[in-house]
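*Asks:* What follows is a single structure, and I will ask about it in a moment.
All of the numbers you see were taken from the coordinates with simple rules; none came from a lab. Values in this document were obtained by computation on a predicted structure and should not be read as measured data. Here the Cβ is made from the backbone with ideal geometry for all residues, glycine too, and neighbour counts use every protein chain on show.
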Amino acid sequence: MNRARGVGRDSAGGPTAVALTPLRNVGDFFAFSLDVLVTIMKPSFAWREFLEQTWFVARVSLVPTLMLSVPYVVLTVFNFNVLLTEFGAADFSGSGAAIGAVNQIGPFVTVLVVAGAGASAICADLGARTIREELDALKVMGIDPVQALLVPRVLAATAVALLLSSLVTLTGLAGAFFFSVFFQHVSPGAFVAGMTFITGLSDVLTSMVKATLFGLTAGLVACYQGTAVRGGPAGVGNAVNETVVFSFVLLFIINIVVTAIGFEITK
């Protein structure tokens with residue numbers, strides 16, 4: 001994920017260690033993630049830090065998320081309605097809006113913003129603390145920085161992603177209803193009735209699982225990148241950029257895997 005924590009070359013000066021650096025970084029990330037997940041189960045949870053970070057991530061993510069949700073859902077519904085109109089089945093517009101907003105757009109738009117705004121802010125904060133050696137100071141005082149700082153931030157990103165996903169889905173469906181009824185002249189009753197024609201409880205649960213995994217992954221990447229900063233202030237900026245890129249890549253992978261598994265379970 002980040003820059004290597006060790007030496008870039010092997011003892012002989014060859015390129016072996018350089019070639020293995022990506023694998024070593026991936027291993028460091030998984031070890032870090034396991035450490036955080038195990039620490040979550042330990043007592044003395046930092047509730048105050050968790051609430052503060054939850055409010056912070058929600059505050060920086062709420063407005064951009066809602067502003068993105070309506071255009072994404074409306075664009076999807078518009079294209080879907082054009083196809084349905086060609087087949088003379090415009091009354092099923094609600095089905096397309098529901099399956100698009102619940103299964104994909106809701107959790108995906110939410111975590112794009114959470115990763116782009118919330119996770120990058122978390123990484124910048126932890127990176128600044130790291131280069132000022134605040135984490136080392138906590139260890140000297142007998143305070144576990146993973147339990148005091150990292151766990152609350154990871155859980156805050158997870159909780160905000162889950163909560164915002166439901167809000168984004170409802171907002172997107174409301175925007176799709178308004179656009180379909182008033183601009184594409186779809187029957188309001190048919191739109192509402194069609195929303196549950198394909199989309200059911202299993203799809204809602206799959207969407208919630210996606211949002212939870214998305215938020216958890218974004219939080220872990222942000223915390224790992226923030227604590228692995230090297231190179232002073234410039235390293236913090238690089239870590240923030242890497243957090244956004246790596247989060248997006250992992251979110252795409254998780255989305256594909258969870259969508260395929262959910263389809264196989266609920267079909």
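*Asks:* Run the helix sum for the chain: -39,500 (n - 2.57) per DSSP H stretch of 4+ residues, divided by residue count, reported at 222 nm to the nearest 500 deg cm²/dmol.
*Replies:* The helix-only estimate for the chain comes to -26500 deg cm²/dmol at 222 nm.
*Asks:* Which GluC sites (Glu not before Pro) from the range 62-170 combine a DSSP loop assignment with at most 11 other Cβ atoms within 10 Å?
*Replies:* In loop regions of the range 62-170 (DSSP not H, G, I, E or B), the sparsely surrounded GluC sites (Glu not before Pro) are 133.
*Asks:* Above 24 angstrom, tally the Cα pairs of the chain and express them as a % of all pairs, no decimals.
*Replies:* More than 24 Å apart: 54 percent of the Cα pairs in the chain.
*Asks:* When a footprinting reagent is the concern and you count Cβ atoms within 10 Å, what order do 67, 195 take, fewest first?
*Replies:* Least to most surrounded, the residues fall as 67, 195.
*Asks:* If you don't mind, another one. Report the net charge of residues surrounding residue 97, where surrounding means a beta-carbon distance below 14 angstrom and charges are Lys +1, Arg +1, Asp -1, Glu -1.
*Replies:* Once all neighbours under 14 Å are counted, the net charge is -2.
*Asks:* When a footprinting reagent is the concern and you count Cβ atoms within 10 Å, what order do 251, 170 take, fewest first?
*Replies:* Final ranking by Cβ density, sparse to dense: 170, 251.
*Asks:* Give me the net charge of residue 216's neighbourhood, meaning all other residues with Cβ under 15 Å from the Cβ of residue 216; Lys, Arg count +1, Asp, Glu -1.
*Replies:* That sum, taken over residues with Cβ under 15 Å, equals +1.
*Asks:* If you don't mind, there's one more thing I want to ask. Sorted by packing (mean other beta-carbon atoms within 10 Å per residue), highest first, where do 58-64, 207-213, 121-127, 108-114 land?
*Replies:* Answer by packing, highest mean first, reads 108-114, 121-127, 207-213, 58-64.
*Asks:* Starting from the Cα of residue 202, step 7 Å along the direction of its Cβ; do the same at residue 133; then give the gap between the two resulting points in nm.
*Replies:* So the two model labels end up 5.8 nm from each other.
*Asks:* Calculate the translational D of the range 56-165 in whole µm² s⁻¹ from Stokes-Einstein, where the hydrodynamic radius comes from the Kirkwood formula applied to all Cα pairs, the temperature is 37 °C and the viscosity 0.692 mPa s.
*Replies:* 201
*Asks:* While we're looking at this one, here's another question. Please sort 72-83, 138-149 by packing, taking for each peptide the average over its residues of neighbouring beta carbons within 10 angstrom, highest first.
*Replies:* 72-83, 138-149
*Asks:* Now for a different question. In the chain, which whole DSSP H runs stretch at least 18 Å along their own axis (Cα) and average 0.5 or higher on the Kyte-Doolittle scale?
*Replies:* 16-40, 47-87, 151-182, 201-227, 232-266
*Asks:* Could you size up the charge dipole of the chain around its Cα centre, putting +1 on the beta carbon of Lys and Arg and -1 on that of Asp and Glu, and report it in debye to the nearest 20?
*Replies:* Using Cβ point charges on Lys, Arg, Asp and Glu, the chain gives about 400 debye.
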